[in-house]
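Asker: Take this structure first; my questions come after.
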Amino acid sequence: MAKQNIIDKMNIMLFDAIPATVSEHEKAMLIRYRAAFTYWLENPLSSDAEIRDYLINNYQIEKSQAYRDIINIKLLLGNVRNAGKEWHRHRVNYLLEKAAKMAIDGQTKEATALSKIAMAFIKNNKLDIEDGEQLPFDEIVPPTFEPSSDPTTIGLKPVENLREKIETLKKKYIGEIEIQNIEYEIDDERAE
């Protein structure tokens, strides 16, 4: 619950002036989030590892903290790489429309060249590969399990006289166990 509260706080303050009531820790987080997101926007094809390195080098934080920051940035602002792919699709559509206009105007050489550029753009940015189906995680219901002492529920054969076999194995390998009552004393010095 505390994690969600900090994310909510960061979401409110992300693009506003930092209030004086914010702790130094939260202020440092907010500055890192802003800087990392700006870096990510300037370099949309950056990998998580590159953003991690940027955070570590510029803010002297641990690797694990950098990864937590990246997760929180994605929660707050979305995944830049997905937005980048949409931008590339828009750009390819623009090139193809321009090529179509050139072809209509009779500029077939230029239209062919522009179409080849657009196709290279598609291949280079993997726009021809589907993003994959988003799973409806909110609709997935975990299975319910009922505990059972019956071994046949998992496909095992029941052992006859199981308790008696356990007792004979105990006697064989453990022997007779002696239980002793041990007196104890309370140490007055440590009790205080």
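Asker: Gaussian network model of the chain, Cα springs within a sub-10 Å range: biggest mean-square fluctuation belongs to which of Glu146, Glu97, Glu24?
Answerer: For the chain, modelled as a Gaussian network with Cα springs under 10 Å, the answer is Glu146.
Asker: To the nearest 20 Debye, how big is the dipole of the chain about its Cα centre, given +1 on the beta carbon of each Lys and Arg and -1 on that of each Asp and Glu?
Answerer: Computed charge dipole of the chain: roughly 1680 debye.
Asker: Please give the calculated 222 nm ellipticity per residue for the chain, where each DSSP H segment of at least 4 residues contributes -39500 (n - 2.57) and the sum is spread over every residue; nearest 500 deg cm²/dmol?
Answerer: Calculated at 222 nm, the ellipticity per residue is -19500 deg cm²/dmol.
Asker: Any idea what diffusion coefficient the stretch 83-186 gets from Stokes-Einstein, in µm²/s, Kirkwood Rh on alpha carbon pairs, 37 °C, 0.692 mPa s?
Answerer: Using the Kirkwood radius from Cα pairs, D works out to 148 µm²/s.
Asker: Continuing with this model, one more query. Suppose each label sits 7 Å from its Cα in the direction of the beta carbon; what would the Glu167-Glu185 distance come out to in nanometres?
Answerer: Rounded to a tenth, the inter-label distance reads 4.1 nm.
Asker: Still on this model: Using the Karplus curve 6.51 cos²θ - 1.76 cosθ + 1.60 with θ = phi - 60°, what ³J(HN,Hα) values do you get for each residue of the stretch 148-165, in whole Hz, with x for Gly and Pro?
Answerer: 8, 9, 8, x, 5, 5, 10, x, 8, 7, x, 9, 6, 6, 4, 4, 5, 5
Asker: Per 0.36 nm of contour for each residue apart, how much would the distance between Ile140 and Phe121 grow if the chain were fully extended, relative to their Cα-Cα spacing?
Answerer: Full extension from Ile140 to Phe121 adds 3.1 nm.
Asker: Let me ask you something else. Give the Rg/Rh ratio for the stretch 82-124, taking Rg as the radius of gyration of the Cα atoms and Rh as the Kirkwood radius, to two decimals.
Answerer: We get a ratio of 1.05 for the stretch 82-124.
Asker: Going Cα to Cα from Lys126, which lysines come in below 19 Å? Please leave out same-chain ones fewer than 8 positions away.
Answerer: Candidates past the 8-residue exclusion: Lys85, Lys116.
Asker: Here's another thing I want to ask about it. Regarding the stretch 140-181, what whole-number volume in Å³ per residue does the convex hull of its Cα atoms give?
Answerer: Measuring per residue, one finds 157 Å³ for the Cα hull of the stretch 140-181.
Asker: Please report, in whole Å, how far the alpha carbons of the chain spread along each principal axis, starting with the longest.
Answerer: So the extents along the principal axes, rounded to whole Å, are 102, 58, 30.
Asker: Label 7 Å along Cα→Cβ of Tyr94; the stretch 8-50 residues with amide nitrogen under 20 Å?
Answerer: 41-46
Asker: What would the Debye equation give as log₁₀ I(q)/I(0) for the stretch 2-78 at q = 0.22, 0.25 Å⁻¹, counting only Cα atoms as equal point scatterers?
Answerer: Each listed q corresponds, in turn, to -1.03, -1.29.
Asker: Picking from Ile174, Ile71, Ile104, whose Cα lies most toward the positive end of the charge dipole for the chain (charges on Cβ: Lys, Arg +1; Asp, Glu -1)?
Answerer: Ile104
Asker: Can you compute the FRET efficiency between Tyr39 and Ile18 using 1/(1 + (r/R0)^6), with r the Cβ-Cβ distance and R0 = 22 Å? Round to the nearest 0.05.
Answerer: The formula returns an efficiency of 0.70 here.
Asker: Here's a follow-up. Under a cut-off of 25 Å between alpha-carbon atoms, report the lysines in cross-link reach of Lys27, not counting same-chain residues fewer than 8 places apart.
Answerer: Lys3, Lys9, Lys63, Lys74
Where a number appears in this text, it was derived from the coordinates with a stated rule and is not lab data. These numbers were taken from a predicted model, which means no experiment stands behind them. We place every Cβ from the backbone using ideal geometry, glycine too, and count neighbours over all the protein chains shown.
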